[in-house]
Amino acid sequence: MELSQIPILIAELTAKVEALELRLSEVTKPKEVEQPIDIDAAASYLGLSKHSLYQKCSKRLIPHNKTGKRLSFFKSELADFVKSKKRKCYSF
């Protein structure tokens, strides 16, 4: 190794360190925690009345959480539920 190569090696090392820092920042980003929604928001999201939603929850047809007497829902779980209930349409 010659003294003239040192600036080139330092530049290469700097680029590698920056790439590692970028990867590390992507890995260590805190993930957003999904907030639960209440019965009103869930009914609106699903296009159901609150009464219908309560009935479906009591029959365990819709994913929900119950804390005490309060029901809560996660939009991602509701979206997965809606997707799973999709029916194929046949055209003739």
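The values are calculated or read from the model by the stated rules, or taken from the named source; none is laboratory data. Since the model is a prediction, treat every value here as computed from it, not as a measurement. Because the Cβ atoms are built from the backbone with ideal geometry, glycine has one as well, and the counts that use them run over all protein chains shown.
Yes or no: the stretch 10-23 includes at least one residue that is polar (S, T, N, Q) and more than 17 Å from the chain's Cα centre (by Cα). Scanning the stretch 10-23, I find at least one residue that is polar (S, T, N, Q) and more than 17 Å from the chain's Cα centre (by Cα), so the answer is yes.
Residue pairs whose Cβ atoms lie under 7 Å apart, sitting 6 or more positions apart in sequence or on different chains, and linking a residue in the stretch 20-43 that is within 18 Å of S76 (Cβ to Cβ) to a partner that is in a loop (DSSP other than H, G, I, E, B) and hydrophobic (A, V, I, L, M, F, W, C), are E34/F74; P36/F74.
Quick check on F81: is it among the aromatic types (F, W, Y) and either at pLDDT below 90 or out of contact with any strand residue (DSSP E or B) (no Cβ under 6 Å at 6 or more places or on another chain) (or both)? Even if it seems obvious, please write down each step before you answer.
Working: among the aromatic types (F, W, Y): yes; either at pLDDT below 90 or out of contact with any strand residue (DSSP E or B) (no Cβ under 6 Å at 6 or more places or on another chain) (or both): yes.
Yes; evaluated as a whole, the condition is true for this residue.
Applying the criterion of being of a type outside the set (A, V, I, L, M, F, W, C) and either within 16 Å of the chain's Cα centre (by Cα) or modelled with pLDDT of 95 or more (or both) to the residues of the stretch 66-78, the residue that is surrounded by the fewest Cβ atoms within 10 Å (Cβ to Cβ) is S76.
Listed here are the residues, each with its yes/no results for (1) within 19 Å of the chain's Cα centre (by Cα); (2) of a type in the set (V, I, T); (3) surrounded by 10 or more Cβ atoms within 10 Å (Cβ to Cβ).
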position	(1), (2), (3)
S4	no, no, no
E32	yes, no, no
Q35	yes, no, no
D40	no, no, yes
K50	no, no, yes
